[in-house]
Amino acid sequence: MQKSVISIGPFHPLQEEPEHFLLTVEGETVVDVDVEIGYNHRGIEKLSERRNFDQATFVIERICGICSTSHPVAYTRAVEDIIPVVVPERAQYIRTIIAEGERIHSHLLWYGLAGHFLGYNTVYMWMWRLREEILDVMEILSGNRNNYAMFKPGGVRRDINADDIPVALKKIDSIIPTIDRLKKAILDDPVLHARLKGIGILSKEEAINYCALGPTSRASGVDRDVRKNAPYEAYDKVDWDMIVTDSGDVWGKAVVRLLEIYESIKIMKTCLQQIPSGEIDLKLKSIPPGEGIGAHEAPRGETFHYVRSDGTNRPVRHKVRAPSFMNLPTCKATVPGSTISDAAIILASIDPCYCCTERMAVRSPEGDRIYTGKDLIRMSREKTAKIKREMGIP
Amino acid sequence: MKLPKVRELLEAIKSLSHKPYTSKFPFKPYQPYLSFRGQPKYDPDKCLGCLACEEICPAEAIAHQDNIKGDVPKRIMIHYTDSCIFCGCCEDACIADHEGIKLSNDWELSFFNRAEAFETIEKELQLCEICGSAIACKDHLKWIAEKIGELSFSNPTLYQSRLKSLGVVDESILAASRDYGRADRIKILCARCRRETSLTTAASPAGEKVGE
């Protein structure tokens, strides 16, 4: 049969972010897939090298709107690894609470989008409504719905007020019945079973070979989780389970994410209840020369930061390895063999995050030019006028 | 197969009596939680104009302008609302007991014109009595003098600033001895002029003028 190539993207109404998929199809069946990324390169690694260690945290936080905890936690742990120091216990608990809140809202967001892709807009509405409640909890605890600005090398920037904890706990408790109901609705739905089971299977060997991370690997039976494998912050002080299924299909990934929401709620509640009192910040004065690494289990998998210091107040090299960068190539193993209509949900099942994966693009070197719509129209008209002048047309 | 349908039906019946989840936003203003991080606001009385917030701001959203021309020399502190990331670093770094600039609960920050997205306060500047360049804000010098107590008497700029604010100094005495030499050392001076007056008294005969 004749092969043809379907190009999706880089800008496509289906996608939230710019990425380019090339699906080679034979009839309805996808035989090969290729991914092109690099449309969202923002220069954040270079930007963070221009800021000092404290200020870089805020640039790192803006790598991605969803992972606005994961990257700063990994970065601060990398900086603390240079010295090396261990942050105070209360700071560890606060970091864990914020990180788990982020995981809950990220998984809920993925559920909403998955429902939207499948034509289940009710799931989309309900999940995003629940996400609002979690974002409210984050607003109570940190002061903002996203971009929490809670982290700094050596501790956390803001303390959680004792008065806010009961309010937050009550709010978390209030969403559990709704999640229960949605869990039953999703797990019992025969259409979802038919739609998601057995498609996009990533076998255990392939998951290991592709170095898949996070829920993508755990759905394939690879028990890979930084929080359990190399416990940090408060993850070894609270009781929780790693969710692993071995089906490897989209359904498995969905189940892993759904059950992880419960584990995250459990961790968050336990941490809020048994948070110790004490210092929250080591007040680091300087970072000695050296290099350090930091890893954190982001909602999508392990995010990894490498920071090198030469003893001045800013990093000389900062490298970010986001989980989607490792998960994205697994589509080579999962997508071929499926139909075009399944390709969208298989590609979405790894919860790809392109702004995490690509990090560069600086504003113009002067840094003070912002083009608005009016400017673009003006420039366009000026070019027309210039061409007219050159052609001698009045 | 039946169970999900029954549950859907129950949900539909329950939803009949529910209020909509969405809020009536434009008609009913949204009240954020107390710990919300909104727009930072300067307190013109408590701010010292020390520029610690400008130094620490990771988004470079704080700037200043020194207007030394005009009757009263002013330092204008500018906070750009559009580039602010509401991290609260300015409040943490504020030397005036974290009260000179404070995060407010203000979140409605939309503008039609980006060039108008800033807020300013004015602080009075202290100028060098010889060269007329800006030293620091008057409140800042007073704050340092009060902070270091009697040690401030080792630095004429500091104790003069403090005494002037108390109305103790007789200005005419200082004005009479305008010779850019030893007598100038007890004036309010910028670092450069202080160095030059010191060098003059050490190396050259008293009374020789130093270039302005």
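Derivation of every value follows stated rules applied to the coordinates shown; laboratory data play no part. Treat the numbers as computed from the prediction; the structure is a model and nothing was measured. Methodologically, a virtual Cβ is constructed for each residue, glycine included, from the backbone with ideal geometry; neighbour enumeration extends over all protein chains shown.
A simple spin-label model places pseudo-atoms 7 Å from Cα toward Cβ; at residue B:78 and residue A:332 they are separated by 5.1 nm.
Distant-in-sequence amide contacts of residue A:151, defined by a placed amide H-H separation under 5 Å and a gap of 5 or more residues or a different chain, comprise A:157. Legend: distances between Cα atoms for A:3/A:197; A:171/B:19; A:204/A:237; A:170/B:5; B:74/B:164; A:183/B:5; pairs beyond 22 Å are A:3/A:197; A:204/A:237; A:170/B:5.
Scanning residues 5 or more positions from residue A:316 or on other chains, those with amide H under 5 Å from its amide H are A:308, A:309, A:310, with H placed 1.01 Å from N in the peptide plane. Which distance in nm do the two modelled labels at residue A:381 and residue A:122 give, with both placed 7 Å along the Cα-to-Cβ direction? Spacing of the two 7 Å Cα→Cβ label points: 5.2 nm.
For the segment A:294-301, counting C-beta atoms of other chains within 10 Å of every residue's C-beta and taking the mean gives 0. Under the classification rounded if a/c is under 1.5, otherwise prolate if a/b is larger than b/c and oblate if not, where does region A:1-86 fall, given a ≥ b ≥ c as square roots of the Cα gyration tensor eigenvalues? Since a/c reaches 1.5 and a/b is larger than b/c, the shape of region A:1-86 is classed as prolate. Using a/c under 1.5 as the rounded threshold, could you call chain A rounded, prolate or oblate? The axes a ≥ b ≥ c are square roots of the C-alpha gyration tensor eigenvalues, and prolate needs a/b larger than b/c, oblate otherwise. Taking the square roots of the gyration eigenvalues as a ≥ b ≥ c, chain A is oblate. Would you give the gap between the C-alpha center of region B:76-135 and the C-alpha center of region A:119-179, rounded to a whole Å? Each part reduced to its Cα centre gives a spacing of 30 Å. Cα centroids of region A:66-110 and region A:202-216: 24 Å apart.
Among all the lysines, which ones have a C-alpha under 29 Å from residue A:374's C-alpha, if same-chain residues fewer than 8 places away are not counted? List returned: A:383, A:386, A:388. The length gained by stretching the chain between residue A:291 and residue A:312 to full extension, at 0.36 nm per residue less their Cα-Cα distance, is 6.3 nm. Expressed as a fraction of 2.2 N^0.38 Å, the value expected for a compact globular protein of N residues, the C-alpha radius of gyration of region A:189-301 is 1.35.
Averaged over the residues of A:120-127, the number of partner chain Cβ atoms lying within 10 Å of the residue Cβ comes to 1. Only aspartates and glutamates eight or more places from residue A:184 in sequence, or on another chain, were considered; those with a Cα closer than 12 Å are B:8. Across the options B:16, B:52, B:3, the greatest Cα extent toward the positive end of the charge dipole of region B:1-84 (unit charges at beta carbon of Lys, Arg, Asp, Glu) belongs to B:3.
Bridgeable lysines around residue A:283 (alpha carbons under 18 Å apart, same-chain partners fewer than 8 residues away excluded): A:152. Annotation: amide H of residue A:43 within the under-5 Å range of A:359, A:360, A:361, sequence separation 5 or more or interchain, hydrogens built in the peptide plane. Of the residues A:6, B:35, A:387, the one whose Cα sits farthest towards the positive end of the charge dipole of the protein assembly as shown is A:387 (charges of +1 on Lys and Arg Cβ, -1 on Asp and Glu Cβ, taken about the Cα centre). Shielding by partners for peptide A:182-190, expressed as the average number of C-beta atoms from other protein chains within 10 Å of each residue's C-beta, is 2. Note on region B:26-80: percent of Cα-Cα distances in each 10 Å bin, starting at 0 and stopping at the bin with the largest distance, equals 18, 38, 26, 13, 4. Cβ crowding within 10 Å, taken as a proxy for footprinting-reagent exposure, orders B:143, A:110, A:240 from fewest neighbours to most as A:240, B:143, A:110. If R0 is 25 Å, the Cβ-Cβ spacing of residue A:340 and residue A:39 corresponds to a FRET efficiency of close to 0.65.
I'd like the FRET efficiency for residue B:117 and residue B:97, computed as 1/(1 + (r/R0)^6) with the beta carbon distance as r and R0 of 22 Å, rounded to 0.05. Efficiency, from the Cβ-Cβ distance: 0.20.
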